[in-house]
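The values are calculated or read from the model by the stated rules, or taken from the named source; none is laboratory data. Bear in mind the structure is a predicted one, so any value in this text is a computation, not a measurement. So basically every Cβ, Gly included, is an ideal-geometry build from the backbone, and we count neighbours across all protein chains shown. Side chains included, ligands, DNA and RNA excluded: accessible areas come from the protein's heavy atoms. Shrake-Rupley method; radii C 1.70, N 1.55, O 1.52, S 1.80 Å.
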Amino acid sequence: MKIVIAPDSFKGSLSAAEVCAAVAAGARRAAPGAEVVRVPMADGGEGTLDCFMAARGGDLVEVAATDPVGRPVKAAYALSGDGRSAVVELAAASGLPLVEDAPDPLHAGTAGTGVLIADAVRRGARDVLVCIGGSASTDGGTGLLRALGVRFLDADGAELPPGGAALARLETIDDSGVPDAVRAARFRVACDVTNPLVGPDGAAAVFGPQKGADPAQVRELDAALTRFADVVAGRFGVRVHDLPGAGAAGGTCGGLVGVLGAEPSGGAGLVAAAVGLDDALDGADLVITGEGRVDGQSAGGKVVSAVAALARDRAIPAIALAGGVTGPLDELHGLGLTAAFSIADGPRALDALKTHAAPLLTTLTEQVVRLYVGGRPPTPPAAG
């Protein structure tokens, strides 16, 4: 029997590799003779860089940048061995954990990520994958774009200050200072959500509260992003208002697509292709995936949905394990997920679940695999 383990991280608790190890331990308890294949996954958010490095190799390049509120921070990106491609994880310099002590939803920005991209291009990278989950800002990616030579001006021709709120005064986007090397580069954006840029399902409305925005600030940011999208459409002829995925990372995807012509793509699908998940599924009998929380949003490009879809194409049962499971999961089941289970073994506080996630995963996996093994038809006796 072959079991493939392909989970995302349990954010705030276990990396994808640590989830794989805990699940593998439970699988081997239930099926000691099984072939167990570990394929750590990510969806374009935190942890994506590690997955690409493990699959493709290359070098980690550390750069002095700034965090979302302008403080000095060191962050790294991956540069391929030939120096022609790079993977930049937005969370490295512009992630929410960097400003847990000082959230600033109106003024936080993505400039630090732009510094990483600029460094990669300066070193010769012409294929840049930007993984944009876990951001702390709602600036439409304008901080990032500024670091690449784009200027955002008000009606008086003055440069706007950082942050999403200032975009309400945006009048002109000047890209005349963008270097030729940046213009020649191909930018791809790994998105982990399908939200549009603006509106009730947009960047500010859905993700703003996670970054500290109150209802009034959410409305202010949504109006500012709408103004930004209007100016982008007028200047570049690209409408990003309702583009699926444009709202990812506080609108960073929308900014990259509208201003630089970046190509958005599902992050989990990109990672699956890079780490060879399809090949790993050859001959598999069972797939175990998972993430910190499985709910209706998991069908929108998260790891569980990507793994389930690949398993469905091969008629392989796919089980998801998570810290929490909240229905309805009809869309996930339609994508190929067989069932989902929470690691909670009774009433537990969230902190307790995070602390004990690894042993709880191992215990749950053992029971899931025992159930699967017990439900398989018996092997017929050998002839003669």
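Some notes on this structure:
- The condition (being crowded, with 19+ Cβ neighbours inside 10 Å, hydroxyl-bearing (Ser, Thr, Tyr), at pLDDT 95 or above and assigned to a strand (DSSP E or B)) is satisfied by just one residue among Thr289, Thr252: Thr289.
- Meets criteria (open to solvent by less than 10 Å² (accessible area, probe 1.4 Å) and assigned to a helix (DSSP H, G or I)) for Val231: no
- Among the candidates Gly208, Gly133, Gly157, the residue that is out of contact with any strand residue (DSSP E or B) (no Cβ under 6 Å at 6 or more places or on another chain), at pLDDT below 95 and either among the small types (Gly, Ala, Ser) or over 26 Å from Ala306 (Cβ atoms) (or both) is uniquely Gly133.
- Residues of region 74-90 satisfying the condition of being buried (at least 24 other Cβ atoms within 10 Å of the Cβ) and farther than 18 Å from Arg56 by Cβ: Ala75, Leu90
- Residue check: His356 meets all listed conditions (1) open to solvent by 60 Å² or more (accessible area, probe 1.4 Å); (2) out of contact with any helix residue (DSSP H, G or I) (no Cβ under 8 Å at 6 or more places or on another chain); (3) more than 17 Å from Ala24 (Cα to Cα) but one, namely (3).
- Subset of region 148-167 (residues that are within 23 Å of Ala120 (Cα to Cα), within 24 Å of the chain's Cα centre (by Cα) and open to solvent by less than 20 Å² (accessible area, probe 1.4 Å)): Leu148
- Pairing residues of region 48-66 that are within 19 Å of Ser15 (Cα to Cα) with residues that are assigned to a strand (DSSP E or B) and open to solvent by 90 Å² or more (accessible area, probe 1.4 Å), at Cβ distances under 8 Å and at least 6 apart in sequence or on separate chains, gives Met53/Leu60.
- Single residue of region 258-280 satisfying the filter (open to solvent by less than 20 Å² (accessible area, probe 1.4 Å) and β-branched (Val, Ile, Thr)) that is farthest from the chain's Cα centre (by Cα): Val259
- Of everything listed in (1) open to solvent by 10 Å² or more (accessible area, probe 1.4 Å); (2) assigned to a loop (DSSP other than H, G, I, E, B), the single unmet condition for Asp139 is (1).
- Within the set Arg56, Arg38, the sole residue that is open to solvent by 70 Å² or more (accessible area, probe 1.4 Å), in contact with a helix residue (DSSP H, G or I) (Cβ under 9 Å, 6 or more places away or on another chain) and farther than 17 Å from Ile288 by Cβ turns out to be Arg56.
- Looking across Leu144, Leu116, Leu170, one residue alone is touching a helix residue (DSSP H, G or I) at 6+ places or on another chain (Cβ under 8 Å), in contact (Cβ under 8 Å) with a residue 40 or more places away in the chain and surrounded by fewer than 24 Cβ atoms within 10 Å (Cβ to Cβ). It is Leu170.
- Flag if Asp330 is under 26 Å from Pro40 (Cβ atoms), of a type outside the set (Lys, Arg) and open to solvent by 80 Å² or more (accessible area, probe 1.4 Å): no
- Verdict on Phe187 being within 15 Å of Gly255 (Cα to Cα), among the aromatic types (Phe, Trp, Tyr), at pLDDT 95 or above and within 24 Å of the chain's Cα centre (by Cα): yes
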